[in-house]
1. Which residue is surrounded by the fewest Cβ atoms within 10 Å (Cβ to Cβ), if the candidates are limited to the stretch 336-382 and must be within 30 Å of the chain's Cα centre (by Cα) and in a loop (DSSP other than H, G, I, E, B)?
2. Taking the condition over 27 Å from ARG382 (Cβ atoms), surrounded by fewer than 19 Cβ atoms within 10 Å (Cβ to Cβ) and out of contact with any His (no Cβ under 8 Å at 6 or more places or on another chain), does ARG143 pass?
3. Could you list, in sequence order, all residues of the stretch 154-186 that are surrounded by fewer than 17 Cβ atoms within 10 Å (Cβ to Cβ) and over 21 Å from ILE105 (Cβ atoms)?
4. Assigned to a helix (DSSP H, G or I) and open to solvent by less than 80 Å² (accessible area, probe 1.4 Å): does that describe SER268?
5. Under 7 Å between Cβ atoms, at least 6 apart or on separate chains: pull out the pairs that start in the stretch 312-333 with a residue that is closer than 24 Å to ASP61 by Cα and end on any residue that is open to solvent by less than 10 Å² (accessible area, probe 1.4 Å) and among the β-branched types (Val, Ile, Thr).
Amino acid sequence: MMCERCSGLSGSRETAATVDAPPAGAADADRTRVPPPRPAPRNGPAARNGPPPARRDAYFDNAKYLAIVLVAVGHAWEPLRSDSRTVTAFYTFVYAFHMPAFIIISGYFSRRFDAGPARIKRLVTGVAVPYVVFEVAYTLFTRWSDHAPDREISLLDPLYLTWFLAALFIWRLTTPIWRLVRWPLPLALAVAALASLTPSIGSDFDLQRVLQFLPYFVLGLCLRPEHFRLLRRWSVRLWAVPVALCALAVAYWSAPHLGYRWFFHRDSAQQLGLPAWYGPVMTLAVFGCSLVLAACFLAWVPGRRTWFTALGAGTLYGYLLHGFVAQSAKPAHWYGPSWTHGPLGAVTATLVAAAVVTLLCTPPVRRVFRFVLEPRMEWAFRAQTEHREGRQEGRGEERPVQDGRRNAAGVLPAER
């Protein structure tokens, strides 16, 4: 999946296709041709309604939905890791690629983020506001679920799932930098490697995770549509099967060694009880492993519309809301019965987690929680204006810019 833009080997530039001019005499030969339609007036219905919304890509909606299902399933497996080496192997296998794939897609849809007023507004309403709301909500909820009544509300120390919103906010703000530098991916890998041997970074905004997951976001910024089309070739899909099976076998072998801790990207090498030089080495090794498995996952994502394609627009809802269900497992003693720690329990937990997160991505749930996850907040922002040159007097004129509402749950959220 690595592209030339990321490695700095070349700088190919995307250009828009041009329309050829008609040959000489074509106007005389085609006098009977029906004239093209006149452009709509400035104050007509088309001008008032704005351009039609961009059509969503079924492939990416499918990928986002499947990735969020794996996130929920992984959380359902956590209480079962100590009882089964097989569950631990599947847990390690899934954690090796599900968040990297999700972050790569988030980076891909952030390519046009330019820190303009409209983009900043969507970043605040679609990422920052949900972060604050759910950071407070998770703190209050886990006071009960974790029996920690004195847990303080801290916007600097992300709790549970909110780390991703903090990371996405930081990654998006740094996007113009990665678009400017010559070798963005090697630079991002260097930053991640340095973070992995720096235990003093602290927990503010979960910066250890922000920096160690950064290369996947930067890789997404560098990708183009042709890279995803390359993954969907049948030759790549066939090779993905033995590669995934080999990775699953390695995960089974490494289960007793707790190898999955490296895929959390939240600790330095010293914090894992290892020499500092392990950090940069494992950063590159884990990145290569996660990249290969993410490519295998994306290769098998269907490109056509399916029954779950529309659910891909609600991944932010499923991601943040399923955390309350997962946190309820401990006080509700869902894993109390002995049968839940056997094969039947693992299968049941998998199916229930997939069903719950699917339900939370549906339109009725999104309508209920849209005021929190996609607030308009027009009252909080100044009217945006753009400069337009006067045609007759040559004087500038300001007119309001229509800021069309974007779905913040596109890829938490998607920028096109």
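The values are calculated or read from the model by the stated rules, or taken from the named source; none is laboratory data. Since this is a predicted model, take the numbers as computed values, not measurements. A quick note on method: Cβ atoms are made from the backbone with ideal geometry, for glycine too, and the neighbour counts reach across all protein chains shown. Remember, those area values only see protein heavy atoms, side chains included, never the ligands or the DNA or RNA. Shrake-Rupley method; radii C 1.70, N 1.55, O 1.52, S 1.80 Å.
1. Once the filter is applied, the top-ranked residue is ARG382.
2. On the way: over 27 Å from ARG382 (Cβ atoms): yes; surrounded by fewer than 19 Cβ atoms within 10 Å (Cβ to Cβ): yes; out of contact with any His (no Cβ under 8 Å at 6 or more places or on another chain): yes.
Yes; evaluated as a whole, the condition is true for this residue.
3. If the condition is that a residue be surrounded by fewer than 17 Cβ atoms within 10 Å (Cβ to Cβ) and over 21 Å from ILE105 (Cβ atoms), then SER154, LEU155, LEU156, LEU180, VAL181, ARG182, TRP183, PRO186 are the ones that fit.
4. Details: assigned to a helix (DSSP H, G or I): no; open to solvent by less than 80 Å² (accessible area, probe 1.4 Å): yes.
So SER268 fails the test.
5. Listed pairs, sorted by first residue: THR315/ILE68; GLY318/ILE68; GLY318/VAL357; TYR319/ILE68; TYR319/VAL71; HIS322/VAL357.
For (1) open to solvent by 40 Å² or more (accessible area, probe 1.4 Å); (2) touching a residue at least 40 places away in the same chain (Cβ under 8 Å), each residue gets a yes or a no:
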{"position": "PHE217", "(1), (2)": "no, yes"}
{"position": "LEU223", "(1), (2)": "no, yes"}
{"position": "ARG237", "(1), (2)": "no, yes"}
{"position": "TYR252", "(1), (2)": "yes, yes"}
{"position": "PHE263", "(1), (2)": "no, yes"}
{"position": "GLY288", "(1), (2)": "no, no"}
{"position": "LEU291", "(1), (2)": "no, yes"}
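Here's the yes/no breakdown for (1) at pLDDT 95 or above; (2) more than 13 Å from the chain's Cα centre (by Cα); (3) open to solvent by less than 10 Å² (accessible area, probe 1.4 Å); (4) charged (D, E, K, R):
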{"residue": "ASP57", "(1), (2), (3), (4)": "no, yes, no, yes"}
{"residue": "ASP61", "(1), (2), (3), (4)": "yes, no, yes, yes"}
{"residue": "ALA67", "(1), (2), (3), (4)": "yes, no, yes, no"}
{"residue": "ALA72", "(1), (2), (3), (4)": "yes, yes, yes, no"}
{"residue": "LEU80", "(1), (2), (3), (4)": "no, yes, yes, no"}
{"residue": "PHE90", "(1), (2), (3), (4)": "yes, yes, no, no"}
{"residue": "ALA96", "(1), (2), (3), (4)": "yes, yes, yes, no"}
